[in-house]
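Please treat every number below as a calculation from the coordinates, not as lab data. What you see is a predicted model, and the numbers here were worked out from it, not measured in a lab. Every residue, glycine among them, receives a Cβ derived from its backbone with ideal geometry; neighbour counts consider all protein chains shown.
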Amino acid sequence: MRITVIGTGGIGGPYGASLAKAGADVTFVARGAHLAAMRENGLRIEGDRGETIIRPALATRRYRGYWHRRCRSIIHWDCGDA
């Protein structure tokens with residue numbers, strides 16, 4: 001299943017990482033330094049359930065391809081960009 005997580009922050013990051021760890025084909029949409037870090041180092045989530053590392057993480061600024069599901073996890077003032 002192809003899933004796009006738009007807004008890979010405090011909610012979208014762990015949610016998308018869990019889906020990727022379970023075997024889903026996940027594309028992470030992010031911006032700026034966060035996007036650069038994910039492209040270089042993958043996505044790393046630390047929490048009370050331990051550590052999850054998705055490497056390589058498919059990260060992009062904009063995603064216009066086909067997906068089965070889309071998860072929007074963005075701050076309301078960024079809705080226009082999404």
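For segment 19-29, putting each phi into the Karplus relation 6.51 cos²θ - 1.76 cosθ + 1.60 with θ = phi - 60° gives couplings of 5, 5, 5, 7, x, 6, 8, 10, 10, 9, 9 Hz, in residue order, rounded to whole numbers and with x for Gly and Pro.
Backbone amide hydrogens, once placed in the peptide plane, bring VAL26 within less than 5 Å of ILE3, excluding anything fewer than 5 places away on its chain. The H on the amide N of THR8, modeled in the peptide plane, is under 5 Å from the matching H of VAL29, each at least 5 residues off or on a different chain. The ranking of LEU43, LEU35 by Cβ neighbour count inside 10 Å, starting from the fewest, reads LEU35, LEU43. Per-residue extension of 0.36 nm, minus the Cα-Cα distance of ARG49 and ALA37, leaves a gain of 2.1 nm for this segment. Ranking of MET1, MET38 by neighbouring Cβ atoms within 10 Å, starting from the fewest: MET1, MET38.
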